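Report on the following structure.
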Amino acid sequence: MASRKFKVLALGDVIGSAGQRAVFAACAGLKRRHNADMVIVNGENAVEGFGIDEATAQRLFSAGADVITTGNHVWQQKSVMPYLDREDRILRPANYPGGNPGHGYCVLDVRGVSVAVLNLQGRVRMPSIDCPFRTAKDLLRKLKSKAKIFVLDFHAEATEEKEALAAYLDGEVALVFGTHTHVQTTDNRILRGGTAYLTDIGACGPHDSVIGFKSDVSVRRSLTQLPLKNEVSDTTARIHGLVLSLDPLSGKALEIERIQEDSLV
Ligand SMILES: [Fe+2]
């Protein structure tokens, strides 16, 4: 393992059944094709657009996910709460108040390399939870001796907050990738200290939609300002994500590549 590159495949927010079908069908193939050592999937919109449940999480694990990250909608399916406590590999943002169900990081041994996956959530146009910057530093201090590679899903709305967190952690983590906006950005780059960054990796969900949901509902809500609930679009899904290559000895990024492809199911 020592001289070989280590590769991480990350897939964006799985939205509804179209997103689930797409990821169930494509995950193993993508992992093979990109020669990825591990797969991280954000599952926070998997159940009809809002949250995730145990059965869906288990199917994502069976499809090839090693770690499932989430975000603000993780609390939506009430039945998932005990599962969040029980299953180490499903995360909820670490900066929710202490005592909430679940945990915000895990450490895995992947082919002899210890990898810490962290999940944090932004506070700009999001719930006002604990500081993601300070929480990240605390976690890195705590996990420094336990992991060689650090990868972070920052579930956040604002580009500035996402870029600022990546700048703050530059050199300490291999990757900061954004989720939550559901639209992939094109700013994949490696920062000066060796941290790879992408503002948003995009979603795995219906493409003919407004961020994965039915366009007409979104248009009506915009026109009327009524609190109309989003409904997942029933069109074909597109898969978005990234592949990170890193040096397992230094824990620094070597290359970050975006993924975008139409689902065949
Ligand atoms: Fe979200």
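Bear in mind these aren't lab numbers, they're just calculated from the coordinates by the rules spelled out. Every value quoted in this text rests on a predicted model; they were computed, and no experiment measured them. Counting neighbours? That spans all protein chains shown, and the Cβs are built from the backbone with ideal geometry, glycine included.
Taking Cβ atoms as reference points and 15 Å as the exclusive limit, the residues near residue 210 contribute a net charge of 0, counting Lys and Arg as +1 and Asp and Glu as -1. Taking other residues whose beta carbon is less than 13 angstrom from the beta carbon of residue 138, and scoring Lys, Arg as +1 and Asp, Glu as -1, yields +3.
In percent, what relative contact order does the range 6-120 have, based on Cα pairs under 8 Å that are 6 or more apart in sequence? Kindly include the intermediate steps, with their values, before the conclusion.
Numbers: 228 pairs, mean separation 23.8, N = 115.
Dividing the mean separation by the residue count of the range 6-120 yields 21 percent.
Three principal axis extents of the range 121-171 based on alpha-carbon atoms, in descending order, are 34, 19, 14 Å.
Evaluating kT/(6 pi eta Rh) at 25 °C and 0.890 mPa s, with the Kirkwood radius of the range 6-262 over Cα pairs in the Stokes-Einstein relation, gives 137 µm² s⁻¹.
Here the label points at residue 4 and residue 85, each 7 Å from Cα along the C-beta direction, are separated by 3.9 nm in the simple model. Label-to-label distance, residue 229 versus residue 247, with points set 7 angstrom from Cα along the beta-carbon direction: 5.2 nm.
Could you tell me which helices of the chain pass both thresholds, a Cα extent of 20 Å or more along their own axis and a mean Kyte-Doolittle hydropathy of at least -1.0, with helices taken as whole DSSP H runs? The partial results should precede the final answer.
Numbers: long enough: 16-33 (25 Å, -0.03).
Within the chain the helices that satisfy the rule are 16-33.
In a DSSP loop and with at most 16 other Cβ atoms within 10 Å, the trypsin sites (Lys or Arg not before Pro) in the range 168-253 are 192, 229.
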